Amino acid sequence: MKQWGYIATYVLCSVAPSFASPPDAPLSFAAAREMILAGNGGLKAAATEVEAARSGVRQAGVLPNPSAAIALDRFGTNEIEASVEQTIELGGKRRLRTAAARTVLDGTENSRALALLDLDAEIVRRFIPIAAAEGKLQVLDSIIAIAEAAKEQVRARVDAGAARKTDLIRAELELEQQGLQRDALVRELASARARFAALGGEHDSVLLNVAGELDETADIPSLDALRAALHASPRVAASRGEAAQLSAQQRLLKADAAPDLDVSVGVLRSNADNAYSPLVGVSTTIPLFSRNRAAQDQVALQREAVEQRSRGGLRDSEAEVRDLYSRLQGIDRKLSTLKTSTLPKAAEVYAMLVEYYQAGSVGYLDLTASRTEVLRLRMDLLDIEAERALALAELMQTTSLHIQVVK
């Protein structure tokens, strides 16, 4: 009778399971995250692109090279002419060219921030199944321990003639099914760990032993905070940056329509007179046939298309944020009900049925069904917590607002 009381108490105390950590010096989630971010090839490539864009800004501000020329009349017998020519850019071309290069730099820096945001969210997403499977294994192990103890009690009752042998067979069948379920969970956990470790490249063997817990206390940010973060996010900034690049290109095309001045200075030596004459020349193009009108119109239309697409994308993102926010509120209500009401009641029913079965008032099938219901509810709790964590990760990726999903 005391062992039955222990079983009931064990069920009641196991309503809110914690996630188990793997043995053999597990790697913390924070350390695993830093390792992945430091070794990711995509982030390294994005950083290289930023450096390349910085070089482009420096190059855009460089003055045109001068040119030198020499002319020989009859191979220098009559005259020798030497000159140097320099192009003077007008219309602010160099300034506008530098500004256009800076918009490219801004775009590459934003792309790097976006790549970091996407990778960070993916790290969290791939860790969530690990935490969920760990929690389910702990729940199932506790239920198996309860079922093992219950089986021994049933065996004793059968030997004493107080229960039918079919109860013992059902207890054994239940344990076999739970063993199969545990094997499936172990395979699921191994697969989740392999997918997480794949993010680390050459560090994948170390990352296989990552450990951590989902932060069940992470608050849902307010809708206003989410909207504000969305408008400032790299994803929205990418569209603005593309439009800014096209605007800078349009201004540069307009400036290109202004002709440049080619100024040359030199000297002419007349061998016949043994005299030197200074030379000064100025030349420019005549913008008669092309003033870049069509090119400017093309870029203007491209910019308008980008802005229209950006406005539509922002509306879609705002709708997605509202949907995620509403979904998370529903998940929290479901979790609250499950933790504070449904699970405690189910555990209490099981504890009562344990006593009734001991007294011979109910059959073993009723006891098994109650224990299975407790297990199902505890598994549901872990699934819902994982669903909440995934929604938070998606919200973090969409808005770029930091949310501590894993602790």
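Coordinate-derived values only; no laboratory data. No experiment lies behind these values; they were computed from the predicted model shown. Every residue, glycine as well, gets a Cβ built from its backbone with ideal geometry; the counts of neighbours run over all protein chains shown.
Couple of notes before you dig in:
- Only Lys, Arg, Asp and Glu carry charge here, each on its Cβ (+1 for the first two, -1 for the last two); on that basis the chain has a dipole of about 560 debye about its Cα centre.
- Between region 212-263 and region 338-376, the alpha-carbon center distance in angstrom: 57
- Under the Karplus curve 6.51 cos²θ - 1.76 cosθ + 1.60, θ = phi - 60°, whole-Hz ³J(HN,Hα) for region 370-384, x wherever Gly or Pro sits: 5, 5, 4, 5, 4, 4, 4, 5, 5, 5, 4, 4, 5, 5, 5
- Here the Gaussian network model covers the chain, with springs between Cα atoms less than 10 Å apart; of Pro259, Pro26, Pro278, Pro278 fluctuates the most.
- Listed residue (Thr87, Leu230, Thr285) projecting farthest to the positive dipole end of the chain, Cβ model: Leu230
- Between helix 234-256 and the chain: long-axis angle, C-alpha atoms, 0 to 90°, nearest 10: 10
- Reciprocal of mean inverse Cα separation for region 52-169 (Kirkwood radius, Å): 23.2
- Note on the chain: antiparallel DSSP beta bridges, both residues inside, total approximately 95 percent of the bridges counted.
- Vicinal HN-Hα couplings computed from phi for region 134-147 (Karplus, 6.51 cos²θ - 1.76 cosθ + 1.60; Hz; Gly/Pro x): 4, x, 5, 4, 5, 4, 5, 4, 5, 5, 4, 4, 5, 5
- Toward the positive end of the charge dipole of region 2-399, with +1 on the Cβ of Lys and Arg and -1 on the Cβ of Asp and Glu, the farthest Cα among Ala149, Tyr357, Ala319 is that of Ala319.
- Ranked Thr166, Thr98, criterion: other C-beta atoms within 10 Å, fewest first: Thr166, Thr98
- Computed E for Ser28/Ala257 - FRET, C-beta separation, R0 41 angstrom, nearest 0.05: 0.10
- Fluctuation leader among Ser67, Ser317, Ser341 - the chain, Gaussian network, Cα springs under 10 angstrom: Ser67
- Computed [θ] at 222 nm, deg cm²/dmol, the chain (DSSP H ≥ 4; -39,500 (n - 2.57); rounded to nearest 500): -24000 deg cm²/dmol
- A simple spin-label model places pseudo-atoms 7 Å from Cα toward Cβ; at Arg94 and Val62 they are separated by 1.3 nm.
- Values (1) 4, 21, 31, 24, 13, 5, 1, 0; (2) 4, 17, 23, 22, 18, 10, 4, 2, 1, 0; (3) 4, 15, 17, 15, 12, 10, 8, 6, 5, 3, 2, 1, 1, 0 are given for comparison; P(r) over Cα pairs in 10 Å bins from 0, in percent, derived from the coordinates here, is the one labelled (3).
- Cα→Cβ-extended label distance, 7 Å offset, between Arg54 and Ala162, nm: 7.9
- For region 173-185, 3J(HN,Hα) computed residue by residue from phi via the Karplus equation (6.51, -1.76, 1.60; θ = phi - 60°) reads 4, 4, 5, 5, 5, 5, x, 5, 5, 5, 4, 5, 5 Hz, glycine and proline entered as x.
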